[in-house]
Amino acid sequence: MNLVHAFLLTVFLHDENGGKTLVSDDMYWRDINSCKWYARQIHSQSRDKITAYCLPRLVDPQTVRLYDD
C-alpha cells in the first residue's frame, strides 16, 4: 500500500443552539490551496450557518478519489 498525504474537506452546518453537524467528509484534495479555495467558497455561502475546514490525512490513492483542482 502506497499512502500519500491529502487534504480532507470537511463541511459543518451550524444550528440555532450553537451546535454543529458534520455534513460532508468525503472530498480529498492533493493540494492544500485548492482545498482551501473550495472551503472558502462553501463558507462564504452563509458564514453563520456553514463552516468548512481542510484537514491533512494519509490516504490510499487506490481507494480514495483525489481531486486535483
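Rolling a 1.4 angstrom probe over the protein heavy atoms with all chains in place gives the chain an accessible area of 72 Å² per residue. Translational diffusion of the chain was estimated from the Stokes-Einstein equation, with Rh taken as the Kirkwood radius over Cα pairs; at 4 °C and 1.567 mPa s the coefficient is 103 µm²/s.
Here the accessible area is traced with a 1.4 Å probe on the protein chains. For the chain, carbon and sulfur cover 48 percent of it. Database remark: amide H of ILE50 closer than 5 angstrom to the amide H of HIS14 (H placed geometrically; neighbours at sequence offset of 5 or more, or on other chains; Pro and chain starts carry no H).
Under the combined filter of DSSP loop state and at most 15 neighbouring Cβ atoms within 10 Å, segment 12-43 retains none of its chymotrypsin sites (Phe, Trp or Tyr not before Pro).
Each Cα pair under 8 Å and six or more residues apart adds its separation to the average, and for the chain the resulting relative contact order is 44 percent.
Excluding the site residues themselves, the longest part of the chain lacking any trypsin sites (Lys or Arg not before Pro) in a DSSP loop with at most 13 other Cβ atoms within 10 Å is 1-46. Helix-only arithmetic for the chain: the sum of -39500 (n - 2.57) across DSSP H runs with n ≥ 4, divided by the residue total, places the mean residue ellipticity at 222 nm at -6000 deg cm²/dmol. Evaluating 6.51 cos²θ - 1.76 cosθ + 1.60 at θ = phi - 60° for every residue in segment 26-40, the Karplus couplings come out as 10, 10, 10, 10, 6, 10, 4, 5, 5, 4, 5, 4, 5, 4, 5 Hz, glycine and proline recorded as x. Amide H contacts under 5 Å for MET27: LEU9, restricted to partners 5 or more places along the chain or on a different chain, H placed in the peptide plane at 1.01 Å from N.
The values are calculated or read from the model by the stated rules, or taken from the named source; none is laboratory data. Bear in mind that the values here come from a model prediction, so they are computed numbers and not experimental data. Here the Cβ is made from the backbone with ideal geometry for all residues, glycine too, and neighbour counts use every protein chain on show. Side chains are part of the model used for accessible areas, which takes the heavy atoms of the whole protein and leaves out ligands, DNA and RNA. Shrake-Rupley method; radii C 1.70, N 1.55, O 1.52, S 1.80 Å.
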